[in-house]
Amino acid sequence: MTAHRPEPLTEPLAPMPALTPEALHAAVASLTPSRLPAFVQDLVEATTSAQQTRSLAPLRTFVHTWGSSWRSSADPPARRACVTWKRW
C-alpha cells in the first residue's frame, strides 16, 4: 500500500495584509493571537525609537519584520508560535 502525499500549496493560506500596523495587527490577531503582546511591544518600541530619532526607519523595520512572514522562509516573529503561514 502506498501513502498518498498531498501536493504542496504554493500560495499562502492567508492573504498578505497591507503593510500597515493596523492590517498587520489584524492578521496577527486572527492567525496567532498569542503573538499579539510581542507585536504590540515591538510596535511601541519602534514608535518610541522613531520619535526619539526623528526618523521613520524604526517603523519601516517594524513593518518589514512583521510583514515578511508571508514572503520569507526565515523565522519571522509571527511564525515563531508554530503557526503555519504557508503550507510547505
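Every number in this text was worked out from the coordinates using simple rules, so none of it is lab data. Predicted model only: the values in this text are computed from it and were never measured. Neighbour counts are summed over all protein chains in view; Cβ atoms, including those assigned to glycine, are modelled from backbone coordinates with ideal geometry.
Of the peptides 51-57, 26-32, 41-47, how do they stack up when ordered by the mean number of other Cβ atoms within 10 Å, highest first?
On the way: 51-57: 9.9, 26-32: 16.9, 41-47: 14.6.
Result, highest mean Cβ count within 10 Å first: 26-32, 41-47, 51-57.
Scalar couplings 3J(HN,Hα) for region 39-49, obtained by applying the Karplus form with A = 6.51, B = -1.76, C = 1.60 to θ = phi - 60°, are 4, 5, 4, 4, 5, 4, 5, 5, 5, 4, 5 Hz; x denotes Gly and Pro.
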